[in-house]
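To keep things clear, I will list the structure first and then write my remarks on it.
The values are calculated or read from the model by the stated rules, or taken from the named source; none is laboratory data. Computed from a prediction, not measured in an experiment: that's the story for all the values here. Here the Cβ positions follow ideal geometry from the backbone for every residue, glycine too, while neighbour counts run over all protein chains shown. Remember, those area values only see protein heavy atoms, side chains included, never the ligands or the DNA or RNA. Shrake-Rupley method; radii C 1.70, N 1.55, O 1.52, S 1.80 Å.
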Amino acid sequence: MKLDIDFIRSQFPAFAEPTLQGQAFFENAGGSYTCAPVIDRLTRFYTQRKVQPYAPYAASTLGGNEMDEARARMSALLGVENDELSFGPSTTQNTYVLAQAFGQMLQAGEAIIVTNQDHEANSGPWRRLSERGIEVREWRIDADTGRLDPAKLEELLDDKVRLVCFPHCSNVVGQVNPVTEITALAHAAGAFVCVDGVSYAPHGFVDVGALGPDIYLFSAYKTFGPHQGLMVIRRPLAELLPNQGHHFNGGTLYKRFTPAGPDHAQVAACAGMADYIDAVYEHHGGGKADAAGRGVAVHDLMRDHETELLQQLLDAVKSRNSVRLIGPDTAHDRAPTVALALNRPGLDVARDLAAHGVMAGGGDFYASRALNAMGVNTDTGVLRLSFTHYTSQAEINQLLNALDDVL
């Protein structure tokens, strides 16, 4: 079954917004449009429940119930236990808190592995642990392809390594990394695994329980929701790491790594993401499946649609002499996040595209380590064209015509 793009777009108020008519959105890697169920829940909370939650009066009780619903439904969608999911202000902040916890647990001389394919949020906080005497080893990408080779990881693993951090996919390379394979290698060496899913989750929620990592992080504002960071920490690791929250919250798993209270309304509104997945699932035939199964089915619908459109873009740019396509030129093994190195600043090209009604981005996108490793001048940066499942064929056509004019 193919994705019903008309139904999908009907779920996003942005596509009916008069001020956005005629503009094709191709900077989704920076943040997606928000789906109607999230907006509805956020509005209801701010208008009817904006009190301290969990008190014994109606507005407060209802607000607390909505927050609990969000955790229950999103954890089920991700295939993990309810209390293995935490909410925080952003993935960057969540990663910083995790790094502090590991810094307290690890001993000088022990090692962690990071990559130079990552967004800085899943690299910088871990690298700073070297100040505590923890060895930081870098799993490096191929300078030509931007790919992470699992065989190179094996060369870095030994009995000193306690943690391996890598992205599900890079926000500039786009290559989808084999999470299950990498996780198995790390676990066999006795190391925990932290996966940054920020650049992959917009293209479909994954069953984290089946995928296997100990930590999986992503940002709701890139998965059609509010500005919150969602963080899965599996129980064996979460109970092992030192509490980073208030001392009296140390016994509650999902509060251990939330030093400050998250935005109550935005937590509650995250249930709207599950509403949306369920609506898409039902519209496309439904059937009997648990939450994680529904999520995987919708993930596959989204990816099939994206892959069909993505190959058109890749074919249009990979043969241009003035353009260097970063990452794979085949759609099946990458996300629809396409970075192009040009002979002028990416931001300048993005400005030119804006005159054609195409919203795109230019710069280094906090991935300077990856771009430097691939020989891209970060002062010039790249043009980034990123889309998701609600992008239409007409918008792809608009982009391709604009690229012909601009390039």
Kindly indicate whether GLU135 is farther than 27 Å from ALA201 by Cβ and touching a residue at least 24 places away in the same chain (Cβ under 8 Å). yes
Q) Any chance segment 271-283 includes a residue that's open to solvent by 50 Å² or more (accessible area, probe 1.4 Å), touching a residue at least 12 places away in the same chain (Cβ under 8 Å) and in contact with a strand residue (DSSP E or B) (Cβ under 9 Å, 6 or more places away or on another chain)? A) no
Given the structure, is PHE248 surrounded by fewer than 24 Cβ atoms within 10 Å (Cβ to Cβ) and closer than 20 Å to GLU138 by Cα? no
**Message:** Looking at segment 8-25, can you tell me whether even one residue there is in the same structural domain as LYS222 (by the TED database), under 26 Å from VAL296 (Cβ atoms) and touching a helix residue (DSSP H, G or I) at 6+ places or on another chain (Cβ under 6 Å)?
**Reply:** no
**Prompt:** Could we say that ALA72 is within 30 Å of HIS299 (Cα to Cα), touching a helix residue (DSSP H, G or I) at 6+ places or on another chain (Cβ under 8 Å) and without any contact (Cβ under 8 Å) to a residue 40 or more places away in the chain here?
**Reply:** yes
In segment 84-96, anything open to solvent by less than 60 Å² (accessible area, probe 1.4 Å) and assigned to a helix (DSSP H, G or I) is listed as GLU84, THR91, ASN94, THR95
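Could you list, in sequence order, the residues of segment 206-225 that are open to solvent by less than 10 Å² (accessible area, probe 1.4 Å) and either in contact (Cβ under 8 Å) with a residue 60 or more places away in the chain or in a helix (DSSP H, G or I) (or both)?
Matches in segment 206-225: VAL208, ILE215, TYR216, LEU217, PHE218, SER219, ALA220, THR223, PHE224, GLY225.
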When every residue in segment 377-407 that is in contact with a Lys or Arg (Cβ under 8 Å, 6 or more places away or on another chain) and farther than 30 Å from ILE277 by Cβ is compared, the one modelled with the lowest pLDDT is LEU407
In segment 1-28, residues that are among the aliphatic types (A, V, I, L, M) and either touching a Leu at 6+ places or on another chain (Cβ under 9 Å) or more than 29 Å from GLY285 (Cα to Cα) (or both) total 5
Mind checking whether some residue in segment 308-324 is open to solvent by less than 10 Å² (accessible area, probe 1.4 Å) and touching a Leu at 6+ places or on another chain (Cβ under 6 Å)? yes
Any chance segment 48-68 includes a residue that's within 23 Å of the chain's Cα centre (by Cα), surrounded by fewer than 17 Cβ atoms within 10 Å (Cβ to Cβ) and assigned to a helix (DSSP H, G or I)? yes
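Residues checked against (1) under 25 Å from ILE326 (Cα atoms); (2) open to solvent by less than 20 Å² (accessible area, probe 1.4 Å):
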site: GLY109; (1), (2): no, no
site: HIS119; (1), (2): yes, no
site: ASN122; (1), (2): yes, yes
site: ARG128; (1), (2): no, no
site: GLY133; (1), (2): no, no
site: GLU138; (1), (2): yes, no
site: ALA143; (1), (2): yes, no
site: PRO150; (1), (2): yes, yes
When (1) touching a Leu at 6+ places or on another chain (Cβ under 7 Å); (2) assigned to a helix (DSSP H, G or I); (3) surrounded by fewer than 21 Cβ atoms within 10 Å (Cβ to Cβ) are applied to ALA350, the one that fails is (3)
Within segment 376-390, residues in contact with a Leu (Cβ under 6 Å, 6 or more places away or on another chain), within 19 Å of ALA335 (Cβ to Cβ) and either open to solvent by 20 Å² or more (accessible area, probe 1.4 Å) or not aliphatic (A, V, I, L, M) (or both) come out as none
Of the residues in segment 69-83, those that are more than 25 Å from TYR46 (Cβ to Cβ) and open to solvent by less than 10 Å² (accessible area, probe 1.4 Å) number 1
**Asked** Is it the case that GLY229 is closer than 20 Å to ALA291 by Cβ and not aromatic (Phe, Trp, Tyr)?
**Response** no
_Residue in segment 166-176 that is in the same structural domain as TYR200 (by the TED database) and closer than 15 Å to PHE192 by Cβ present_ = yes
Reported set for segment 391-407 where residues are closer than 21 Å to ARG351 by Cβ, open to solvent by 10 Å² or more (accessible area, probe 1.4 Å) and among the aliphatic types (A, V, I, L, M) is LEU400, VAL406, LEU407
Per the list (1) outside any loop (DSSP other than H, G, I, E, B); (2) open to solvent by 10 Å² or more (accessible area, probe 1.4 Å); (3) under 20 Å from HIS246 (Cβ atoms), residue check on ALA99 breaks on (2)
Those residues of segment 29-47 which are in contact with a strand residue (DSSP E or B) (Cβ under 8 Å, 6 or more places away or on another chain) and open to solvent by 30 Å² or more (accessible area, probe 1.4 Å) amount to GLY30, TYR33
